[in-house]
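Structure, as structure tokens:
The values are calculated or read from the model by the stated rules, or taken from the named source; none is laboratory data. A quick note: this is a predicted structure, and the numbers were derived from the prediction, not measured. Note: ideal-geometry Cβ built from the backbone for every residue, glycine included; neighbour counts use all protein chains shown. With ligands, DNA and RNA removed, areas are computed over all heavy atoms of the protein, side chains included. Shrake-Rupley method; radii C 1.70, N 1.55, O 1.52, S 1.80 Å.
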Amino acid sequence: MEQKQKKKKGYGAGIVTGILATVLVSLLLLGGFRVITNTAGSYASGKVTEKEVSKKLNKLNALIDKYYLYEDEIDTDQLAEGIYSGYTSALGDKYTVYYDEDETKALMESTSGTFSGVGATLTKDADTGYATIVNVYEDSPAEKAGLKAGDILEKIDDHEVGDEQLDTVVSWIKGEKGTEVKITVLRDGEELELTATRDTIEVKTVSYEMKENQIGYIKVSEFDTVTYDQFKEALDDLEKQGMQGLIVDLRNNPGGSLDTVTNMLRLLLPEGTIVSTKDKNGKTDEITCDGTHEFKKPMAVLVNQYSASASEIFSGAVQDYGTAKIVGVTTYGKGVVQQLMDLGDGTCLKVTIAEYYTPNGRSINGKGVEPDVKVEYQYDEENPKADNQLDQALSTVQGEISESTQNR
């Protein structure tokens, strides 16, 4: 692999001003950034001009050029990337993120359902901020390496995970098929260093089975491009088997594509609004359903504190229409929409553009979707496979089936 350009003394002559100009031009092309369009080139505060920022950056550059001990290790490309990512992170919005070329490639792969990696789903713990494994794909490199759900990520190769953005951590894990990645995790207070060999992962985002009393069960791990077809296939097959009720399990589902989740909801909801969004100018857009495939059998949706974004669009919609009972604990509370902006050089900006609302006009941002039937997960040491939340969902659906039968 070709090394990034490194320069020694005098590397910074004019580069900082050039970097700043590039940042401003790139963002201006996206439009909608008030920070760029203020009069006299001023920034959001109105107190700092472009000229003053350039002057200060050049001053920092001169001091680094003169005094920095490790000048042989200076990577000008990395400095530029640092300014771009720092510029967006200073907004204070954890969902607005700049992606370099490698991160952009990994991001695009992650939404397609096919990629080269280890086969594990990660999330950020809402309370601790730790990057945690919540799902390991069957027969994947992650499973073969010994990774398990609940592992807290500490290092990926030589990268400290810390409070890095989840997308950045994922980009470190993914890579060329056949290459190895060292993953250091914390499990039950013990630090473990595991090595996985990357492979092509065909993501199975949906699994399903028929439970007792003809209650169908569909587990959706994330909302990728491939998920809609997998979900429809599962729903159709369970119907053919004589399904009397349905459980959709969205626990530990971090979200995904808005198009995917709304298309899936069109297989379940009556006619009406699925979700609406409102941007910074107050413009409201609605995504609707024609009700052609309304699901009228008893249904429950399982959620937990890691059910986020598209999972909350799904659970909020079926709850508002009374299509399903929500079982579990309050969801994560990510009620904002992001859009990817192509910067034209292999990099991109993911920017928060709107807040979304459930069919009844509820905003769940920072609040989450509260369950109709609250039940905390309880681990059973004597029976590790026991699932008290699933048991409650089964009981809820069975109760509605029995009531429906009595009322005939």
Exercise. Pairs of Cα atoms under 8 Å, at least six residues apart: use those to get the relative contact order of the chain, whole percent.
Key: 12
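What Kirkwood radius, in Å to one decimal, follows from the Cα pairs of the chain?
On the way: mean 1/r = 0.0423 Å⁻¹.
Value: 23.6 Å, from the Cα pair sum.
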Quiz item: Measuring from the lowest to the highest alpha carbon on each principal axis, how far does segment 211-279 reach, largest first, in angstroms?
Solution: 45, 27, 19
Quiz item: How would you classify segment 162-270 from its alpha-carbon gyration tensor, with a ≥ b ≥ c the square roots of the eigenvalues: rounded for a/c under 1.5, else prolate if a/b is greater than b/c, otherwise oblate?
Solution: prolate
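Would you please calculate the Kirkwood hydrodynamic radius of segment 179-338 over all C-alpha pairs and express it in Å, rounded to one decimal?
17.2
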Quiz prompt | Where labels lie 7 Å past Cα in the beta-carbon direction, separation of Val373 and Asn360 in nm | solution = 1.8
Quiz prompt | Cα-based helix-to-principal-axis angle, 388-406 vs the chain, degrees rounded to 10 | solution = 40
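Would you kindly calculate the translational diffusion coefficient of segment 121-168, applying Stokes-Einstein with the Kirkwood radius from alpha carbon pairs, for 37 °C and a viscosity of 0.692 mPa s, and quote it in µm² s⁻¹ without decimals?
291
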Quiz item: More than 17 Å apart: what percent of Cα pairs in segment 84-204 qualify?
Solution: 56
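Which of the pairs Lys144/Lys211; Lys124/Lys325; Lys94/Lys219; Lys148/Lys219; Lys177/Lys204; Lys105/Lys177 have their Cα atoms more than 21 Å apart in this structure?
As for pairs spanning more than 21 Å Cα to Cα, those are Lys144/Lys211; Lys124/Lys325; Lys94/Lys219.
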Practice problem: Give me the angle, in degrees from 0 to 90, between the Cα long axis of helix 101-112 and the longest principal axis of the Cα atoms of the chain, rounded to the nearest 10. | Solution: 10
Quiz item: What is the Cα centroid distance between segment 85-138 and segment 251-280, reported in whole angstrom?
Solution: 21
Quiz item: Dipole of the chain (Lys/Arg Cβ +1, Asp/Glu Cβ -1, origin at the Cα centre): which of Ala62, Thr197, Asn213 lies farthest to the positive side?
Solution: Ala62
Exercise. Work out Dmax and Rg for segment 158-218 from the C-alpha atoms and quote the Rg first, both in angstrom.
Key: 17.2, 51
Quiz item: When the Karplus curve 6.51 cos²θ - 1.76 cosθ + 1.60 is applied with θ = phi - 60°, which whole-Hz ³J(HN,Hα) does each residue of segment 123-137 get, with x for Gly and Pro?
Solution: 8, 9, 5, 4, 8, 9, x, 6, 7, 10, 7, 10, 7, 10, 5
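Would segment 201-243 count as rounded, prolate or oblate if I go by the C-alpha gyration tensor, calling it rounded below 1.5 in a/c and otherwise prolate when a/b exceeds b/c, oblate otherwise?
Working: a/c = 3.08, a/b = 2.06, b/c = 1.50.
Note, shape of segment 201-243 comes out prolate.
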Exercise. Using Cα centres only, tell me the gap between segment 186-207 and segment 305-319 in whole Å.
Key: 25
Exercise. Could you tell me the accessible area of Asp320 in Å² (1.4 Å probe, neighbours in place), rounded to the nearest ten?
Key: 30
Exercise. Mind checking the per residue accessible area of the chain for me, 1.4 Å probe, whole number of Å²?
Key: 53
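Would you please classify the overall shape of segment 261-408 from the alpha carbon gyration tensor, given that a ≥ b ≥ c denote the square roots of the eigenvalues, rounded means a/c under 1.5, and beyond that prolate means a/b larger than b/c while oblate covers the rest?
Working: a/c = 2.48, a/b = 1.48, b/c = 1.68.
The shape class here is oblate.
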